[in-house]
1. Mind listing, in residue-number order, the residues in region B:297-326 that have at least 40 Å² less accessible area with every protein chain present than in their own chain alone (1.4 Å probe)?
2. Using Cα positions and a limit of under 20 Å, work out the aspartates and glutamates in reach of A:K132, with same-chain residues fewer than 8 apart set aside.
3. Output the pairs from A:K92/B:K388; A:K86/A:K227; B:K7/B:K304; A:K53/A:K230 with a Cα-Cα distance over 20 Å in this structure; if there are none, say none.
4. Are there trypsin sites (Lys or Arg not before Pro) in region A:135-242 that DSSP puts in a loop and that have at most 14 other Cβ atoms within 10 Å, and which ones?
5. Averaged over A:89-100, how many beta carbons belonging to a partner chain fall within 10 Å of each residue's beta carbon?
6. Amide H of A:L45 versus every other amide H placed in the peptide plane: which residues, excluding those fewer than 5 positions away on the same chain, fall under 5 Å?
7. Over region B:47-269, what portion of Cα pair distances is larger than 26 Å, expressed as a whole percent?
8. Within 10 Å of each Cβ of A:47-60, how many other protein chain Cβ atoms are there on average?
Amino acid sequence: MSLDAEKKIAVHCRNIIKTYGTGASEVFALRGADLDVYEGELLMLVGPSGCGKTTFISIFTALLSADGGECDILGKDLNTLSSDQKVHLRAKSIGFVFQAFNLLPALTAQENVAVPLLIQGVGRKVAMQEAKLVLDSVGLGARSSALPAELSGGMQQRVAIARALVHHPKLIVCDEPTSSLDHESGHVIMKLLRDIVDNSNTTLIVVTHDDRIYEFADRMAHMDDGKIIKIETMKNQQGIIA
Amino acid sequence: MYQIALKMLMGDRAKYIGLLLGIAFTAFLVTFALSYFAGFITRGFALISENNSADVWVMDPAVNSTELTINMPDSTLGRVRSVKGVDYAVPMSLNDITARFPNGSFQFFQMIGVDDATLAGAPMLLDGRLPEVLHTPDSVIVDAGGSAGKLQTPLAKRDQWPFDRAHLNVPTRELMLGDELLVNDRRIIISGRSKTIPRFPPRPLLYTTYSNVTHLLPSESRRLTFVLVSAQENISPKQLANRIEQQTGLRARTASEFKEDTVHWFLINSEDVGDMAAMLILAMTVGFGVTGVMLYMFTYENLKQYAVLKAMGASASMLLGMIFIQAGVGALLGAGMGIGMCAIVGESVSMTLDYPFRMMWFTPLFGILGVLIVSLTAAAISARPVLKLEPGVVFSGR
Ligand SMILES: Nc1ncnc2c1ncn2[C@@H]1O[C@H](COP(=O)(O)OP(=O)(O)O)[C@@H](O)[C@H]1O
Ligand SMILES: [Mg+2]
C-alpha cells in the first residue's frame, strides 16, 4: 500500500477502530482499517456482508465517529473538526448515493435533486435550475416533475445520483448503489458513475458486493473482518491509475 | 427548506388529513368544553345579566354571590337611597319557596320580588303581555329557568283541588295563564309566562312584586336581598359602590364585580362546577394527548427522511426549524378547522336545543394556544430522536 507521490490523496485513513455496544453485546466492526483513496479515481470497497464496509464509509464521511485512528478527508483531519464543521464538510464536499435511494417521497425528482443546494442556502429558483440541468445530464430531464413513487428503481437511483452531483462535491460515496436494481439498470448506473469520474476530478467510492460491476473500478479494496486485506489495481480502465 | 418541510407535511395526503383532523378534533373538544363551561357559568350569574340597568348591587356584607343569600331589613333601602350619587335604587327579594299544584304535588321555586313602582327586574313576557300584569293582586310570572318538565299542572278539572286526597300521577299539562298555585296556603295566579336567561343550576322561577312577597311570606321579617342601584352620571359605579360601602357598612359591588364574585363562588362552592371542571380537564387531556401522540408519530415516521437530510449536511437548527414549521402549520390549520366546527356546532346546538354554550373571545384563543403549545411540545419531544439520530442509519438498507 505504498503511495505514488504524484497522486493527490482524497481519503487517508489509518488504523480505524470502531466497536458497537458494550460488554457482552460488543461488536468489533473495524479493527484497524487503513485506506488511501486518490483524487479522481473510482475505488470499490468489497467484502462479505458484515465485514464493516458501511461502518467504514460512515466514519470517513463524518457520519459516525471512530473509536480510534486517524482520517484525513479532502485535506481535513476529522479528529480536529467540530460537529458543525463536519456538517459543513458533508454539505459542501460530499455526495451520497444509498442502496435504498432515500429520495424524499413528497418531493418531485427535480426538488429532490435541489435539496443539497437548498441545504447550503442557495435560493430556490437557482437551485431548481441547477437541478434541472443535472437531471438532464443523467437522462431524466423529461421526468423532472415526477414523484419518486412514479419512477422505476433505476430511474430513482439516477435521480439520487443527480442529487449527489448537483453541488459538485469532490467526493461521492455510494453504498451498494446497484443492489436494489436489476442487472441492466445497475449497468446504466455504473456507466453514469464511471462517466463522472472520467469527465471530472471527482473521487468515487463505491461499496458493493455485486461482482457484475467490478469491471467499472480503477482499484478494488477488499475488506474482511474489519480490516482492508488487499488492494487490487484493475487493468482495464484507461485512466489515472497505471 | 421550509417549503420542503411543508411538502413533507402535506406529501402523504392520508397522513396529513389524519393529522389535521386529529388536531381539529382536539381544538374542537377543548373549545367546546370551555364554551360549555362558560355557558354554564354565564347562566350562574343570569340574575345579574337580567338586570343590566343596575350599576351597583348592594347586599348583606356576608353575601358574595347571587346563589347563597341572606336578607336585610326593609329599612336598608332608604339608607342606600340616601347615599349621594344614587340616581335611583330599587329593592329585590329572593326567596326559595315551595308551591303546591292543584293536584297536591309540589315544586320548589325561586321567587323574585321586584319593585312595585317600576317593576324593574321583571322579565319580558310571552303571549304579548306586559309586566304590568303584576299589578293585579296575587299575580306571578312563571319561568322554567332552564329546568324541564317541572311546571306541570293536572289536565283534568276533576284532578284540581280535589277534596278526597292528592291526585298524584295524573295526566298533566304545562302551566298556562290563569292557572293557580298555592304558596303558604295563599293562591297565586299565573298572569304571565316568560323565557328569560336559563339558570344554573336550573330552577323554576316565580316573579312577583315586592309587596306580594310581603303578602305571601308574612312571617319573614326580612325580605330585602339586594338593592339595585343606578348611579348618577357624575359618578362611576365603582366610586359609588365604595361610597355606599363606607356609609352603610353593607357590601356594594358593581355589576361586573358581582358577576366575578358569583363565578368565583361557583368555582369554589359548587360541586357541579367541580365535576364539570374535571370533565373539562379530562377532555382537554384526552385531546391534547391525541394531538401530541399524532404529531410525535408523524415526525417519528419521517425519521428516515430527516436522517437523509442530516447525512446530506442539514444542520440541527435547520432540522428543528423544519419540524417546528410542520407542527406549527399543522396545529394552526387544525385548530382553525376545529374552532370553526365548534362555533358552527355550538351555536346551532345552543339555538335549537336550549343548551349552555358561550364562546367568548378568549375561548378560541385558548383553544389555538393550547393546541399550538401541545403541538410544539410534541414536536420538541419528537425532535430529540432526530437530533440524536446517527445519520449513518441511512446506509442501513431500507
Ligand atoms: N448500529 C450498530 N449497532 C451494533 N452493531 C452494528 C451496528 N451497525 C453495524 N453493526 C455491526 O457491525 C458489523 C459491521 O457492519 P457493517 O459496517 O454494516 O457491515 P457491511 O456494511 O460490510 O455489511 C456487523 O457485525 C454489524 O452487525
Ligand atoms: Mg453495508
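The values are calculated or read from the model by the stated rules, or taken from the named source; none is laboratory data. Predicted model, so just to flag it, every value in this text is computed and none were measured. Please note: Cβ atoms are built from the backbone with ideal geometry, for glycine as well, and neighbour counts cover all protein chains shown. Remember, those area values only see protein heavy atoms, side chains included, never the ligands or the DNA or RNA. Shrake-Rupley method; radii C 1.70, N 1.55, O 1.52, S 1.80 Å.
1. For region B:297-326, once contacts with the other chains are taken into account, B:Q305, B:V308, B:A311, B:M312, B:G313 lose 40 Å² or more.
2. By straight Cα distance, A:K132 reaches A:E111, A:E150, A:D195.
3. In this structure, A:K92/B:K388; A:K86/A:K227 exceed 20 Å between Cα atoms.
4. Counting only loop positions with at most 14 other Cβ atoms within 10 Å, the trypsin sites (Lys or Arg not before Pro) in region A:135-242 are A:K235.
5. 4
6. For A:L45, the qualifying residues are A:V206, A:V207, A:T208, A:A221.
7. Counting pairs separated by more than 26 Å, the tail of P(r) holds 38 percent.
8. That works out to 1 on average.
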